[in-house]
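Here's the structure, in structure tokens; my notes come after.
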Amino acid sequence: ERNDTLDPMDLKIQGGPGRKAQHDPIELLSFIRDTTPTSPISVTEWADIAGIKRQTLQDYLENMRTAGLIATTGDGKWARKYITQKGRNLLS
């Protein structure tokens with residue numbers, strides 16, 4: 001039924017798409033400050049020391065990788081992450 005007392009503008013979506021970031025990527029980087037290509041860390045270990053869920057951390061990784069802040073060595077279940085020089089520079 002049509003309800004003439006409702007204003008269609010009240011139905012406008014507030015905010016943008018997706019969830020708001022809950023964690024600061026730079027703070028997440030600080031937890032892997034000491035990693036290197038020869039001493040990387042698994043996503044599970046990283047999430048544990050950061051005190052967040054693995055999937056939550058996983059949601060940040062693509063953007064961090066694209067920005068050149070982290071890199072991956074190995075693949076599949078042997079994939080490990082480490083901070084890049086660009087990531088280290090952000091922490092300084």
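Of all residues in region 31-46, those satisfying the criterion of being open to solvent by 40 Å² or more (accessible area, probe 1.4 Å) and either more than 23 Å from S92 (Cβ to Cβ) or assigned to a helix (DSSP H, G or I) (or both) are T44, E45. Inclusion of I49 among residues that are part of a helix (DSSP H, G or I), open to solvent by less than 100 Å² (accessible area, probe 1.4 Å), of a type outside the set (S, T, N, Q) and modelled with pLDDT under 95 is not warranted. For region 28-46, does any single residue satisfy the condition of being touching a helix residue (DSSP H, G or I) at 6+ places or on another chain (Cβ under 8 Å), among the aliphatic types (A, V, I, L, M) and at pLDDT below 95? No, there is no match, as no residue in region 28-46 is touching a helix residue (DSSP H, G or I) at 6+ places or on another chain (Cβ under 8 Å), among the aliphatic types (A, V, I, L, M) and at pLDDT below 95. Within region 67-77, is there a residue that is at pLDDT below 95, of a type outside the set (D, E) and open to solvent by 80 Å² or more (accessible area, probe 1.4 Å)? For region 67-77, residues at pLDDT below 95, of a type outside the set (D, E) and open to solvent by 80 Å² or more (accessible area, probe 1.4 Å): present. Got at least one residue in region 55-77 being farther than 20 Å from L90 by Cα and touching a Leu at 6+ places or on another chain (Cβ under 9 Å)? Scanning region 55-77, I find no residue that is farther than 20 Å from L90 by Cα and touching a Leu at 6+ places or on another chain (Cβ under 9 Å), so the answer is no.
The values are calculated or read from the model by the stated rules, or taken from the named source; none is laboratory data. Every value quoted in this text rests on a predicted model; they were computed, and no experiment measured them. Here the Cβ is made from the backbone with ideal geometry for all residues, glycine too, and neighbour counts use every protein chain on show. Surface areas here come from the heavy atoms of the whole protein model, side chains and all, with no ligands, DNA or RNA. Shrake-Rupley method; radii C 1.70, N 1.55, O 1.52, S 1.80 Å.
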